[in-house]
């Protein structure tokens, strides 16, 4: 949901709003953000943020300007808080990464115009939040696919040769004393800071002049591609590359659902690796090679539910159902014209059933809700009781 325009009760307030918008527009850069190393962002994210002005599409690190910069790309670059019901109105966009034991950040804070944007850097902890260490600089690009480009100071530890790990982005609409921080997006994955998905590791200096890996034989990146979703259990193809391309490089592919397994692969002559894996639930996948890791990718499992309705010879109504993948979960039986379930049960090993001595005539559907979020819920076909 985008930022809603505020109504002007008085001409003076309307004029102030116009001036504020003009000032913000003047601060937005006309040029494009620097491109990611090798053309692929370290972070990509799905449409899970609930304000398009602070929902992250992608984020990356770049050295195209001659120094390290972090770029955050949002769905729509408004660069102002979306909420207008807080005492403190500030939208925040932070790019976080780990160097050694510490998690550092660079951030742009966007107060209500005409207040200027504020760029800063510091450290972050899950318990203490953001601890500022000083100012930095940057620029923004507005409109669809807008970007914030933030200079990464060497004081963060992001110096030549350093490996930046556990990359992620947090965005929020700030709050006052009476309201907790209003988190909007965590990229990759989720909304709140808690999460175990991260972007691809980055080697500072490996993507300077001459391209990835210039001036050395060490890897500069591991890239991974996989389908974003799968409906019903089955196999999916996973592939990736190491940069610079190198044959015979060992790759460990970690596949984590309810259980975790590791597949060991080897790159081909072009630096590529690929395999197929069988999935039966929402699964996270990450590749590691040469001490570097790819972004964590999530393949979301969508369940499929089918029912049949019949009247046994002994009377009554029997409704049988089957779910794929064969996961446990709650099943609600609803008449298509009702909001309250007619019955509830649990699916086990992909099957469930309902028995009735008497059931009102009409059309019915079953809604399957997998336990522990192992797949997305699904609604069955319609079955008629006559």
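Looking across 127, 134, one residue alone is assigned by TED's automatic domain parsing to the domain that holds residue 52, surrounded by fewer than 19 Cβ atoms within 10 Å (Cβ to Cβ) and in a loop (DSSP other than H, G, I, E, B). It is 127. Among the residues examined, residue 331 qualifies as assigned to a strand (DSSP E or B), at negative phi and either more than 33 Å from the chain's Cα centre (by Cα) or buried (at least 20 other Cβ atoms within 10 Å of the Cβ) (or both). Could you pull out the residue among 157, 100 that is out of contact with any strand residue (DSSP E or B) (no Cβ under 9 Å at 6 or more places or on another chain), touching a residue at least 24 places away in the same chain (Cβ under 8 Å) and within 24 Å of residue 201 (Cβ to Cβ)? Within the list 157, 100, the selection yields 100. Taking residue 317 as the residue in question, decide whether it is buried (at least 20 other Cβ atoms within 10 Å of the Cβ) and under 30 Å from residue 201 (Cα atoms). The answer is no for residue 317. One residue stands out among those in the range 151-177 that are part of a strand (DSSP E or B) and over 16 Å from residue 103 (Cβ atoms): the one that is modelled with the highest pLDDT, which is 151. Checked against (1) buried (at least 19 other Cβ atoms within 10 Å of the Cβ); (2) touching a helix residue (DSSP H, G or I) at 6+ places or on another chain (Cβ under 9 Å); (3) closer than 18 Å to residue 51 by Cα, residue 112 meets all criteria but (1).
Listed here are the residues, each with its yes/no results for (1) at pLDDT below 95; (2) crowded, with 23+ Cβ neighbours inside 10 Å; (3) closer than 24 Å to residue 190 by Cβ.
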position: 38; (1), (2), (3): yes, no, no
position: 43; (1), (2), (3): no, yes, yes
position: 47; (1), (2), (3): yes, no, yes
position: 51; (1), (2), (3): yes, yes, yes
position: 58; (1), (2), (3): no, no, yes
position: 84; (1), (2), (3): yes, no, no
position: 90; (1), (2), (3): yes, no, yes
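With the structure loaded, tell me whether residue 97 is surrounded by 19 or more Cβ atoms within 10 Å (Cβ to Cβ), at pLDDT 95 or above and farther than 23 Å from residue 240 by Cα or whether it fails that test. So residue 97 fails the test.
The values are calculated or read from the model by the stated rules, or taken from the named source; none is laboratory data. This one's a predicted model, so the numbers in the text were calculated from it and none came from an experiment. No Cβ is skipped: glycine too gets one built from the backbone with ideal geometry, and neighbour counts run over all protein chains shown.
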